[in-house]
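K.L.:
Here it is, the structure, as structure tokens.
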Ligand code: GDP
Ligand code: MG
């Protein structure tokens, strides 16, 4: 009884993961999705999407004053991205670990950026940096009705 109660109190978070235009062009979408699937998180939203300048600027609004901001907006709007919502206990921090450091040359081998990229300006994937931003970004990139609530049959094989 008690372990079940404790488990049910564990917070399930959401994170927004996005394959950036370079990841789509380079054909590594499947590889990236696969890493989150194999880890054991739950996919709740997925789409290929050409985003507007306004949406890119809203998504990255905290970086507005950075010198690289205009280049970043050009990069993110340069082609379609793959938008994903993933759910699970600890998913935000875990996804950041799977993604690796912002500068791919500093990212550990085994991480997405460490394995697949060489430059900060082409670092192929985005992941939310907090549960609050996870919620904010999912609400920004997905409309109601684009997200699915479902129960994966593997859940008892992933969590006691
Ligand atoms: P992240 O959370 O690891 O994605 O890193 P940040 O939130 O600090 O920055 C957001 C994104 O802006 C990064 O993933 C890069 O695509 C881009 N970026 C950050 N720093 C630089 C920079 O110094 N130069 C360029 N060209 N892009 C940058
Ligand atoms: Mg960030």
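K.L.:
Mean separation of Cα pairs under 8 Å and 6+ residues apart, divided by the residue count of region 45-116: what relative contact order is that in percent?
P.N.:
Contact order relative to length: 29 percent.
K.L.:
Here's another thing I want to ask about it. Where the centroid of each part is defined by its Cα atoms, how far is region 9-49 from region 50-73 in Å?
P.N.:
Using only Cα atoms, the two centres lie 21 Å from each other.
K.L.:
List 153, 118, 19, 82 from most exposed to least, where exposure is judged by having the fewest other Cβ atoms within 10 Å.
P.N.:
Ranking 153, 118, 19, 82 by Cβ neighbours within 10 Å, fewest first, gives 153, 118, 82, 19.
K.L.:
To test your reading of the geometry: what angle, between 0 and 90 degrees and rounded to tens, separates the Cα axis of helix 29-39 from the longest principal axis of the chain?
P.N.:
Relative to the chain, helix 29-39 is tipped by roughly 30 degrees.
K.L.:
Most fluctuating residue of 139, 95, 117 in a GNM of the chain with Cα springs under 10 Å: which is it?
P.N.:
For the chain, modelled as a Gaussian network with Cα springs under 10 Å, the answer is 139.
K.L.:
Counting pairs of alpha carbon atoms under 8 Å apart in space and at least six apart in sequence, what relative contact order in percent does the chain give?
P.N.:
Result for the chain is 34 percent.
K.L.:
At a threshold of 8 angstrom on Cα-Cα distance, excluding pairs fewer than six apart, so keeping six or more, what relative contact order does region 74-160 reach in percent?
P.N.:
22
K.L.:
As an exercise, use a Förster radius of 45 Å and the Cβ-Cβ distance of residue 102 and residue 160 to find the FRET efficiency, rounded to the nearest 0.05.
P.N.:
Efficiency, rounded to the nearest 0.05: 0.85.
K.L.:
Quick check on the chain: helices-only [θ] at 222 nm, where DSSP H runs of length 4 and up contribute -39,500 (n - 2.57) each and the sum goes over total residues. Nearest 500, please.
P.N.:
So the calculated ellipticity at 222 nm is -11000 deg cm²/dmol.
K.L.:
Full-extension gain between residue 119 and residue 148, please, as 0.36 nm times their residue separation minus the C-alpha to C-alpha distance.
P.N.:
7.0 nm
K.L.:
A further question on this structure: Can you tell me the orientation of helix 131-141 relative to the chain, as the angle in degrees between its alpha-carbon axis and the longest Cα principal axis, to the nearest 10?
P.N.:
60
Coordinate-derived values only; no laboratory data. None of these values were measured; they are calculated from a predicted model. All Cβ positions, even for glycine, are placed from backbone atoms using ideal geometry, and neighbour counts span all protein chains on display.
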